[in-house]
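*Asks:* Quick one: this structure, given as structure tokens, is what I'll be asking you about.
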Amino acid sequence: MNEQKKKCKIIISRITPNSEPQATIESGDYNIHYLILNNIIYLTICEKSYPRKLAFLYLSEVSNEFEHSHGREALSSTARPFGFSSFDNFLSKTKKIYQDQRAQSNLDRLNTDLADVKKVMTKNIEDLLYRGDSLDKMSDLSSSLRNDSIKYRKKAQRINFEAMIKQYIPIVGAGLFVVFVIWFMFLRR
């Protein structure tokens, strides 16, 4: 661990205002994670297997509490060395929480649940897109059906008219013939 602490000192000495605000540096079997907020550098050393997101969540929580507890005092030039030793209790408690295996298993379970939700949402979106395509096809089919039904209705009206003419033309023809015959007989006299 002493070797890692030396590397942390080197990292702190090389950080400039243009450095990344958060980064992970691999160091043997460990990762050194740092977060820079308000010109304060927060560091943690973790085993390589420890999740990066969880490490930055820890640093974020530490930075928020430090800002809340000692924000103005930390930025002033009158800060005393070891003036923030009261913050050590918070660090110890938070470290225990983040070292707890239950937190790790809860995070794994949460990631699994999120992956399941992602799968369900992806399937739902695919179903909606498929339904949208189906609705577009149904809309096209209904428009085509409406146009065809208008054509068939006009043809049916024409066929009905022709059938009516065929049905009544002999009767009308016979009636006109009778009227013509009667007329011809009365006009001749």
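The values are calculated or read from the model by the stated rules, or taken from the named source; none is laboratory data. Only a predicted model underlies this, so the values are computations on that prediction, with no experimental measurement involved. For neighbour counting, all protein chains shown are included, and Cβ atoms are generated from backbone atoms with ideal geometry for every residue, glycine included.
*Asks:* Restricting attention to the range 54-81, report how many residues are under 22 Å from Gln4 (Cβ atoms) and modelled with pLDDT under 85.
*Replies:* The number of residues fulfilling the criteria is 1.
*Asks:* Would it be correct to say that Ser149 is modelled with pLDDT of 85 or more and either assigned by TED's automatic domain parsing to the domain that holds Asn31 or of a type outside the set (Phe, Trp, Tyr) (or both)?
*Replies:* For Ser149, the condition - modelled with pLDDT of 85 or more and either assigned by TED's automatic domain parsing to the domain that holds Asn31 or of a type outside the set (Phe, Trp, Tyr) (or both) - is met.
*Asks:* So if I check each of Lys166, Lys123, Lys137, which one is loosely packed, with under 10 Cβ neighbours inside 10 Å and either among the charged types (D, E, K, R) or not in a helix (DSSP H, G or I) (or both)?
*Replies:* Lys166
*Asks:* Now a separate question. Name the single residue that is farthest from His70 (Cα to Cα) among those in the range 28-47 being surrounded by 12 or more Cβ atoms within 10 Å (Cβ to Cβ) and free of Cβ contacts under 8 Å to residues at least 24 places away in the same chain.
*Replies:* Top of the filtered list is Cys46.
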